[in-house]
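Here's the structure we're looking at; comments come further down.
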Amino acid sequence: MTLSLVWSPQVVAHPYQPAVGLINQINNHHYELTLKLPVVAGEHTIITPILSGGGKIKLLSSQDSLDGFGMDLHRYLLIFPTTNTAPLIRFQGLNNIQLLTQVTNQHGKINTLVLYKGHSHLLLAGKVSTWSTIKLFVTLGITHILTGIDHLMFVAGLLLFTRDFRTFLKAITCFTLAHSITLSLSALNLIHIPEPPVEAGIALSILFLCYELTRPNNKDQPTLSRRFPWLISFSFGLLHGLGFASALKAAGLQQTSIPLALACFNVGVEIGQLIFLSLLLTILKICSKIAFFQKSIFRQLPLYIMGIMASFWFIQRVYIVFH
């Protein structure tokens, strides 16, 4: 089962990434639509725009991802009938994926909304409340962290590495501070580091923790990471923050909407992290009371599983860097 997880192309090493639709109003009846559709392990997302009430759709350009990852880009010109006073667009293909839409009107007003199966209609002239935007990006942050196995593995390894709760609290605080810094800097385009090396570094951070956890803990001569776990968590937290930022940057949101989106997304990431830690601590507490799980094999097996998966991801991501 472990090997099937590691080698399966569908392993969710990356957090869930919604599709993105950027819509800019040209005039009362013309809009430009850019669809950014995620490609996961070679599988392309197919979403088709359809104009309700008539009109024409012209494909302006199309660019497909060639390496089996990243995003496909499709640009359309939407032409609504002159008699249509409430332009409405429907997106076909929202089965198991969300579509994050951002509509910018002629005056620069921005509305952001998420669409999904059963709610696939978008009124281009409609207004979205600030509260809806807050809920959207908090939810996106929670989903992003809870579906990012690599990020969750690092947090789990950090918990096992620190042992006592006080040390873990310091370490996780430093991790949170670090990823908040780089998430903000990257999302605001103040720093730019290509995604593939960042993803490779995240896999390496998990591998490092697994290696340290399998080494004997010499209390007389502790390693640097054992003496200063907060330093390790802060250093690797900077890398993970760049990984978190990829979700917001991939959306290509306008800078005027970034501050609120950034703050809400970060809150969502922290909420998701707390949910995961609460669940993990509950499981560990239950296992500690069952003698069967006290055997050394059950303490080492999770580390080796994490190490194998992290090694696979690291090799895979380094390959992407050089190809």
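The values are calculated or read from the model by the stated rules, or taken from the named source; none is laboratory data. Nothing here was measured: the structure is a model prediction, and the numbers come from that model. Methodologically, a virtual Cβ is constructed for each residue, glycine included, from the backbone with ideal geometry; neighbour enumeration extends over all protein chains shown. Surface accessibility is based on the protein's heavy atoms, side chains included, excluding ligands, DNA and RNA. Shrake-Rupley method; radii C 1.70, N 1.55, O 1.52, S 1.80 Å.
What the table below lists for this structure:
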{"quantity": "Filtered residues of region 92-115 (kept if open to solvent by less than 20 Å² (accessible area, probe 1.4 Å) and touching a Pro at 6+ places or on another chain (Cβ under 6 Å))", "calculated": "Leu100"}
{"quantity": "Flag for Val138 being more than 24 Å from Pro38 (Cα to Cα), open to solvent by 10 Å² or more (accessible area, probe 1.4 Å) and among the β-branched types (Val, Ile, Thr)", "calculated": "no"}
{"quantity": "Candidate set: region 116-131, residues that are surrounded by 14 or more Cβ atoms within 10 Å (Cβ to Cβ) and more than 18 Å from Gln25 (Cβ to Cβ); chosen: the one farthest from the chain's Cα centre (by Cα)", "calculated": "Ser120"}
{"quantity": "Number of positions in region 39-59 that are open to solvent by 40 Å² or more (accessible area, probe 1.4 Å) and either among the aliphatic types (A, V, I, L, M) or modelled with pLDDT of 90 or more (or both)", "calculated": "8"}
{"quantity": "Residue count for region 108-167, restricted to those that are of a type in the set (Val, Ile, Thr), in contact (Cβ under 8 Å) with a residue 60 or more places away in the chain and part of a loop (DSSP other than H, G, I, E, B)", "calculated": "1"}
{"quantity": "Of all residues in region 283-309 being among the β-branched types (Val, Ile, Thr) and surrounded by 12 or more Cβ atoms within 10 Å (Cβ to Cβ), the one that is farthest from Ala156 (Cα to Cα)", "calculated": "Ile308"}
{"quantity": "Residues being within 29 Å of Val39 (Cβ to Cβ), open to solvent by 30 Å² or more (accessible area, probe 1.4 Å) and over 23 Å from the mean Cα position of the chain (by Cα) - total across region 72-91", "calculated": "6"}
{"quantity": "Selection count, region 25-36, where residues are under 21 Å from Leu88 (Cβ atoms) and assigned to a strand (DSSP E or B)", "calculated": "7"}
{"quantity": "Filter result (modelled with pLDDT of 85 or more and touching a His at 6+ places or on another chain (Cβ under 7 Å)) within region 3-36", "calculated": "Leu35"}
{"quantity": "Residue match in region 248-256 (condition: under 27 Å from Ser180 (Cβ atoms), among the basic types (Lys, Arg), open to solvent by less than 80 Å² (accessible area, probe 1.4 Å) and modelled with pLDDT under 80)", "calculated": "yes"}
{"quantity": "So Leu152, is it aliphatic (A, V, I, L, M) and crowded, with 18+ Cβ neighbours inside 10 Å", "calculated": "yes"}
